[in-house]
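The values are calculated or read from the model by the stated rules, or taken from the named source; none is laboratory data. The structure displayed is predicted, hence computed values, not measured ones. FYI the Cβ positions are ideal-geometry reconstructions off the backbone, even for glycines, and counts take in every protein chain you see. Remember, those area values only see protein heavy atoms, side chains included, never the ligands or the DNA or RNA. Shrake-Rupley method; radii C 1.70, N 1.55, O 1.52, S 1.80 Å.
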Amino acid sequence: MRKTHKITVSGAGSCRTPALIGTLMKMKDRFPVSKVVFLDKDLKRFHKIEDYCKLLIKEFSPETEIIVTDDLDVGYSDCDFVFCQMRVGQNAMRSLDEKIPLKYGLVGQETCGPGGFAYGMRSIGGMKEMVDCVRKYSKDTWILNYTNPAAIVGLALDMLYPDDKRIINMCDQPYSMMVSFAKILGVDPKTLRARYFGLNHFGWFTDLYDTNGKNYFDQLRNFLKDHDFKPYNAEQRTKSWLDTYLRVNRMMKCVPEYIPTTYLQYYFYADEIVEESDPNFTRADETILTREKEVWDVCAKAVGRETLGDLEVLTSPVFGSMMVEVAESIAYDLKNEFIVITKNNGMIDNFPSEAMVEVAGVLGKDGVTGYPFGKIKTFYKGLMENQFAYEKLTCEAWIEKDYTKALEALALNRTVNDFDKAKAVLDDLMEANKDYWYLEKRDV
């Protein structure tokens with residue numbers, strides 16, 4: 001029997017939480033928990049899923065203590081791992097992140113472009129509050145951060161806590177793509193390994209092989225040149241999501257060397273995506289009516305029940321599985337391989353050392369160990385340097401409350417590239433986010 005752990009789920013009101021708990025319970029032999037704290041500043045959302053989550057734990061791990069709280073000190077004072085998936089501002093602010101840029105003919109997306117900037121500025125503040133509270137009680141607690149946009153959040157946390165090696169920033173998007181690759185290839189996704197480089201939501205797969213050494217990269221790349229790229233759960237995805245994957249095919253027709261992450265579409269097809277977008281109905285609305293509604297409907301059936309009975313056990317083959325696998329690899333020093341976010345420090349030879357890059361690597365008791373990638377070519381280097389400059393200026397703008405740096409960041413972003421639009425959207429976003437972040441305008 002493995003050592004048990006106390007975990008806190010921060011941002012417990014997320015619609016992802018039921019599947020996370022379902023996955024955790026299904027994998028309880030690999031990562032057993034003696035206590036689960038459900039922490040959310042706004043417990044109204046969590047109450048929709050509370051009965052269901054408690055039934056899951058009661059069914060699979062009745063010895064596990066359950067605490068529900070909106071008190072940060074209660075949530076963070078006694079835990080081994082924080083599973084952080086907070087969304088500062090919830091769906092109301094996500095909706096504004098997506099709709100405000102569209103008013104100016106700019107991409108409206110929650111992690112990319114001006115919307116990602118606004119979300120990042122909110123997330124930095126929420127994450128800093130969380131880290132400060134956790135560290136008030138323990139320097140040993142592992143903070144597993146899945147809060148978006150991970151590129152901005154990860155860089156800001158490194159700037160604010162440069163010596164804290166127990167903050168792990170992760171993203172399930174490369175993991176998700178590898179599950180989709182496995183379905184295309186007809187192999188078990190658990191056997192696949194990759195080589196990859198980039199920034200979060202801004203990277204490329206450069207190799208793919210299995211644990212026996214068989215290489216699949218050319219096979220997969222050739223398939224994607226001639227066939228539509230579909231996610232592993234294509235039948236559950238909306239048209240907007242399926243279009244996202246199809247643009248990978250289009251990017252590869254232009255530059256077929258590597259397999260790009262889906263999020264690069266926003267930087268290469270910005271005008272087209274804006275044209276297709278409905279400024280009154282974005283993915284925030286789509287999520288509420290699809291994924292969220294499906295989860296709420298399942299959880300509503302648990303209200304008043306004493307046992308799980310015939311209720312569906314929600315699990316997540318991507319987000320939930322990766323969260324548990326990451327915690328397991330760290331807790332038991334397994335050194336399992338993932339696509340990780342880490343300080344560059346020579347991982348990519350010809351890229352700034354202070355950047356937080358995304359590469360293949362392992363996780364163990366000492367945290368992240370990335371695999372050195374070597375040098376990257378001019379095309380990718382140029383793209384990444386521009387994106388990193390945007391991310392760095394965004395973080396500095398929050399830390400220094402500097403309006404000019406925020407304006408420079410947005411003007412640099414490939415989805416904007418226009419000072420007038422950058423200023424207009426920044427001023428609008430700043431007003432919308434006045435309860436979350438503030439920038440000081442200074443005379444130049």
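Just a few scattered comments:
- Tyr196 fulfils the conditions (1) over 20 Å from Val324 (Cα atoms); (2) open to solvent by 10 Å² or more (accessible area, probe 1.4 Å); (3) of a type in the set (Ser, Thr, Tyr) except for a single criterion, (2).
- Every residue from the stretch 388-444 that is of a type in the set (Ser, Thr, Tyr), open to solvent by less than 30 Å² (accessible area, probe 1.4 Å) and part of a loop (DSSP other than H, G, I, E, B): Thr415
- Hey, Gly13 open to solvent by less than 30 Å² (accessible area, probe 1.4 Å), assigned to a helix (DSSP H, G or I) and among the small types (Gly, Ala, Ser) or not: no
- Number of the condition not met by Thr69 [criteria: (1) over 21 Å from Asp158 (Cβ atoms); (2) touching a residue at least 40 places away in the same chain (Cβ under 8 Å); (3) of a type in the set (S, T, N, Q)]: (2)
- Each residue in the stretch 272-291 was checked for being buried (at least 18 other Cβ atoms within 10 Å of the Cβ), in a helix (DSSP H, G or I) and not hydrophobic (A, V, I, L, M, F, W, C), and 1 pass.
- Residue, farthest from Thr282 (Cα to Cα), within the stretch 223-240, restricted to residues that are assigned to a helix (DSSP H, G or I) and open to solvent by less than 80 Å² (accessible area, probe 1.4 Å): Phe223
- Residue identified as over 29 Å from Thr404 (Cβ atoms) and assigned to a strand (DSSP E or B) among Gly361, Gly346: Gly361
- Of the residues making up the stretch 388-435, those that are over 24 Å from Phe268 (Cβ atoms) and β-branched (Val, Ile, Thr) are Ile399, Thr404.
- Output for the stretch 143-170, where each listed residue is open to solvent by 10 Å² or more (accessible area, probe 1.4 Å) and in a loop (DSSP other than H, G, I, E, B): Tyr146, Asn148, Tyr161, Pro162, Asp163, Asp164, Lys165, Arg166
- Pro162 vs. criteria more than 20 Å from the chain's Cα centre (by Cα) and at pLDDT 95 or above: yes
- Qualifying residues in the stretch 141-190 (those that are free of Cβ contacts under 8 Å to residues at least 24 places away in the same chain and charged (D, E, K, R)) - the one farthest from Tyr390 (Cα to Cα): Asp188
- The stretch 355-372, subset in contact (Cβ under 8 Å) with a residue 40 or more places away in the chain and more than 19 Å from the chain's Cα centre (by Cα), residue surrounded by the fewest Cβ atoms within 10 Å (Cβ to Cβ): Asp366
- Of all residues in the stretch 185-201, exactly one satisfies the criterion of being in a loop (DSSP other than H, G, I, E, B) and aliphatic (A, V, I, L, M), namely Val187.
- Any hit, the stretch 309-321, residues being more than 21 Å from Arg195 (Cβ to Cβ), among the aromatic types (Phe, Trp, Tyr) and part of a helix (DSSP H, G or I): yes
- Residue in the stretch 303-332 that is nearest to Ile49 (Cα to Cα), counting only those that are of a type in the set (Gly, Ala, Ser) and in contact (Cβ under 8 Å) with a residue 24 or more places away in the chain: Gly304
- Residues of the stretch 329-345 that are open to solvent by 10 Å² or more (accessible area, probe 1.4 Å), within 27 Å of Thr211 (Cβ to Cβ) and of a type outside the set (A, V, I, L, M, F, W, C): Tyr332, Asp333, Lys335, Asn336, Glu337, Thr342.
- Residue that is nearest to Met121 (Cα to Cα), among those in the stretch 380-421 that are more than 25 Å from the chain's Cα centre (by Cα) and touching a residue at least 40 places away in the same chain (Cβ under 8 Å): Asp402
- Qualifying residue in the stretch 88-102 (condition: under 30 Å from Ala331 (Cα atoms) and at pLDDT 95 or above): yes
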